[in-house]
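The values are calculated or read from the model by the stated rules, or taken from the named source; none is laboratory data. Since the model is a prediction, treat every value here as computed from it, not as a measurement. With ideal geometry, Cβ positions are generated from the backbone for all residues, glycine too; neighbour counts draw on all protein chains shown. With ligands, DNA and RNA removed, areas are computed over all heavy atoms of the protein, side chains included. Shrake-Rupley method; radii C 1.70, N 1.55, O 1.52, S 1.80 Å.
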Amino acid sequence: MAGKSERYAPLTVDSIGARLGEISAITARLGTDTSVWDAREVGDGNLNLVFIVKSPVGEVIVKQALPYVRLVGDSWPLPLKRAFFEYHALVRQAARDPGSVPEIYHFDEEQAIIVMQFFSPHVILRHKLMAGEKVDGLADALGNFLARTLFRGSDLSMDTSARKRDVALFVDSVELNDITETLVFSDPYFDAERNHHTPGLDGIVARLRADTDLKVEAHHMKAKFANNAETMLHGDFHAGSVMVTDNETKMIDPEFVLYGPMGFDVGMLLGNFWMAYFAQPGHGDDADYKEWILGVAADVWERFVAEFSHLWRTERTGILYEDAVFAGSPLASEQALGHRLAMIWEDSLGFAGVEMIRRTLSLAHIAENDMIEDEALRAACEARGLDLGRQLVVNRGRMGDMAQVNDLARQIAKGTSL
Ligand code: SR1
Ligand code: MG
């Protein structure tokens, strides 16, 4: 059973050939001569082992869960069953937005191993954002992925018994849910043990932790997250979960999958674009590139709305807003769509805000800020992100559209939020 195996053993670059060399789904890609396989451990995430395994005829990614949080060490145990949830999430995402996620070649539940397609020459989106490099089609791919996976994983689309079975399947991911519930929604708002922040932020951190409105509203977002099993979320949809070339975009790493509110995935992604925008003074500070980032955020939302609306009008086969009630009244259907999108918009802003605050004050930060060596400059960039994050959480119901949010970001970028 996942997470309880006695035979589980972590892979090493030296054992991969012997351990995987007789699995036909893998030898079909790499060949059977394991002596020419070349394995490199490349995991730079917070949790897992990740190997690129190459041979003269092919290449694959081998991802294996560790029984603890890699970022922290074995003092923080974490069940292996997260590989099981990631596998099931990838299968569903592939069906809902074909071509958007890596193809799975092999899954071993006991060893918590997923062998999958290696996207090459793709790089993690964060690295592009630090290098100041644009990606054609980025917003379209992200907006479509969000709309398709969020719509098609919900009671707007699925057979409701299948959806309820999936809710039951993923609800067992208690420990990863707990990480999000704790690190994202609670730790930033008190002096939690795992928190850390740039020293220059001491003043703003004290103010935020004394901010009643912020605490209350951030916890309202936590309640939405914990209590609303609306759709299958990616669950960790930030710029480290997206791989890109100059003109292709792929999504990876849905191990934090859960049933939750649609705005969570949308908001986490938008928050990461706004943080990348504020981090630009540490990475070249090119005015045109900064506007490109804000444009991507706007275009992601626009594409999400367009695709979600299209699916609403053409694929609404679930129990919600069903034809028996709405087919004869297109006006009512459009009104309901407008209401749903308004709710997702408001939630997305709130979740974007909590994401921006937690990536600055809680355990796991973002490379765009961490890589800024000049501490004063880093603090200035992070303070602006905290400023926008706070305003998004508290004022999410009063922000009409993306132009207003991006204008606010521009205003904040001109000043000092310290
Ligand atoms: C202990 S894991 C910390 C963070 O890393 C993952 O990428 C998730 O974002 C999680 O919150
Ligand atoms: Mg990840």
Practice task
Pairs of lysines 8 or more apart, or on different chains, with alpha carbons under 18 Å: count those in the chain, would you?
Solution key: 10
Exercise for the section: Please report, as a whole percent, how much of the solvent-accessible surface of the chain comes from carbon and sulfur atoms (probe radius 1.4 Å). Expected result: 50 percent
Exercise for the section: Would you give the gap between the C-alpha center of the range 34-58 and the C-alpha center of the range 214-291, rounded to a whole Å? Expected result: 27 Å
Handout entry: the chain - accessible surface per residue (Å², probe 1.4 Å)
Key = 40 Å²
Practice task
Keeping every protein chain in place, order LYS222, LYS54 by accessible area at 1.4 Å, biggest value first, i.e. largest first.
Solution key: LYS54, LYS222
Exercise for the section: Over the residues of the chain, compute the C-alpha Rg and express it relative to 2.2 N^0.38 Å. Expected result: 0.98
Practice task
Using per-residue counts of other Cβ atoms within 10 Å, averaged over each peptide, order 249-259, 374-384 from highest down.
Solution key: 249-259, 374-384
Exercise for the section: Work out the length of the dipole vector of the chain about its Cα centre, built from +1 on the beta-carbon of each Lys and Arg and -1 on the beta-carbon of each Asp and Glu, and round it to the nearest 20 debye. Expected result: 600 debye
Handout entry: Highest average packing first - 204-217, 83-96, Cβ atoms within 10 Å
Key = 83-96, 204-217
Practice task
Could you work out the local net charge near LEU47, counting Lys and Arg as +1, Asp and Glu as -1, over the other residues with Cβ closer than 15 Å to its Cβ?
Solution key: -4
Exercise for the section: For the chain, with a Gaussian network of springs between Cα atoms less than 10 Å apart, report the residue from GLY267, GLY318, GLY235 with the top mean-square fluctuation. Expected result: GLY318
